[in-house]
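Single-structure report; data block below.
Every number in this text was worked out from the coordinates using simple rules, so none of it is lab data. All figures in this text were calculated on a predicted structure; none of them were measured in a lab. Cβ coordinates were reconstructed from backbone atoms using ideal geometry, including for glycine residues, and neighbour counts include every protein chain displayed.
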Amino acid sequence: MAASPPLTESQTTTSSASAGRASQSLQRDGNGDDAHREDDVSVEALVEHLLAAKRSLSSVQHVLRANDLTTHARQAHEESAMLSAHTAMLHRAIAKQMSLLLRVRRGLKQTYDAGRRDFASLVRTMDATNEKLQETIDVLRATPVDATLRPADEEEEKSLMDFVDEQGVHSVVEALKQSLAELQARPIPLSFVLCADRITQGIQTSFDGDLLRFDDDMRVVKQSMTATATSPDKSPSASDVNQKLSDLLLSLTDHSHNMAQLLASLTQHFDLCVTAVRTTEGGAALARRRAAESTHSQDGDGVSISGVIADQEMHTSELEPITSRDRADMVDIVVGDASEVEGVVQEISDRLRHAEADFHALTVRAESTRTAHAAASTALQVLEELSSRLAGYVAAEAEFIQRWEDERYTIYGKLEEMEALRKFYDGYAGAYDAILLEAERRRLAEDKALAIWRRAKEGVDKLVEADRRDREAFRHDVAEFIPNDLWPGMDAPVKRWQLVGGEGSPAALLDQQAVDAARKRMEQRRMEES
């Protein structure tokens, strides 16, 4: 243990004065009982108590360390109080800004989700419209044109689709492809040719990228806020932090104050030991010798009291006389206090250990406060950068809405064209069914007319035959009585009539199954329309 510095002049003077009073008392009082009490404590014991008291004064390093810890702790407490208040203010400001940003983000997400739902509905509408168109086209392709309705020199079988131009369908499909390319950047699950095309750029992809960048910025802010264990959501309030730091500082200050008081008691005990040794015959010389032996045996780590003893001996003449009773009381006090020196030194050491622990805990909390403040400052900077880009995100939303409306208007226009084509093709298929039914009707009408003509001819033939018989009977009855020149036309034959067909081709004889199928389709259309 390091040696203690020599006593100051005031301390030496006080000790000398006490010693002088003790010397004068010894001259005035020769009490035998007091002398007997003094003889019970040997000079060697007093010297040992002196050396132990001097060694105990090395605890001054602990007291200085505790005082240094208290000073630094007070500075850290003041800094933490300021940073905690500022951090709490930053957290409140950031929380308000984050709340506003979250509201903006929810608005952007709602716009995006509405666009996706509208897009999905649009795709379903396109699928349904295309499915109906394809069904109609399939009907046209599957419906062969009756041979009697084709030119006589045409032998190749044809369907109804061979008589229409498919370019209209292709142009509408290509226009829809282009519009979808503006809306979506992924393959569209349509049930016709569009499903084979992979669309690479679109409005939704552009807006989706803006949302992802917004989310990345928000994530950076949150990561900055949670960079330490004391995140803004879980960290204690500034008042809680200051309270805990104040408790630690108060505990540390209490340890430092008690250590100083304990050191003062050790100093008083040492001064009393010096006086007791000096006022004992041969005590000073023995003390110097023992101190020197201790110094040599411990390689410089022993106890040096020569300066103290020599300094006090220089002022021996200034000391007041001390009575034997006073000296006996002083020796009793020295002996009684000597048993407590080791405990006091241990208590100082224990209190320093507790002070070190309190200082470490306070330092950790102070560092946590500084880290939280730095994280909040960083989050605020990131938030400011995000706020500067917020106008761009809002503008992206407006652009998304406008482009979506424009492209949707175009797509619905193309869907109307597709529906018009479907209706035209459906009308075309219905018209062919009507042609079949009309051709069949004409054939039936012609057959009815021919039947009527045949029945009329049979009646006329019967009349002509009856007329012939009547003429023969008439000639047989009167011919011999009538001169030849009286009725020259009496023997003329019966006048005959002949039915001659007019211009025009005969009605086509259609396949009855095709006619029946056409009739069923016509009836089904009427039911659907009704």
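Computed 3J(HN,Hα) for the range 345-355, one whole-Hz value per residue from the Karplus formula 6.51 cos²θ - 1.76 cosθ + 1.60 where θ = phi - 60°, is 4, 5, 5, 4, 5, 5, 5, 5, 4, 5, 5, glycine and proline marked x. Can you return the lysines within cross-link range of K158? Criterion is Cα-Cα under 27 Å, with same-chain partners fewer than 8 residues away left out. Within reach: K132, K423, K520.
Taking the number of Cβ atoms within 10 Å of each Cβ as an exposure proxy, the fewest-first ranking of R443, R141 is R141, R443.
Amide H contacts under 5 Å for S159: V145, restricted to partners 5 or more places along the chain or on a different chain, H placed in the peptide plane at 1.01 Å from N.
Sorted ascending by nearby beta carbons within 10 Å, beginning with the fewest, F163, F119, F481 become F481, F163, F119. Size descriptor for the range 448-495, Kirkwood hydrodynamic radius: 12.6 Å (Cα pairs only, one decimal).
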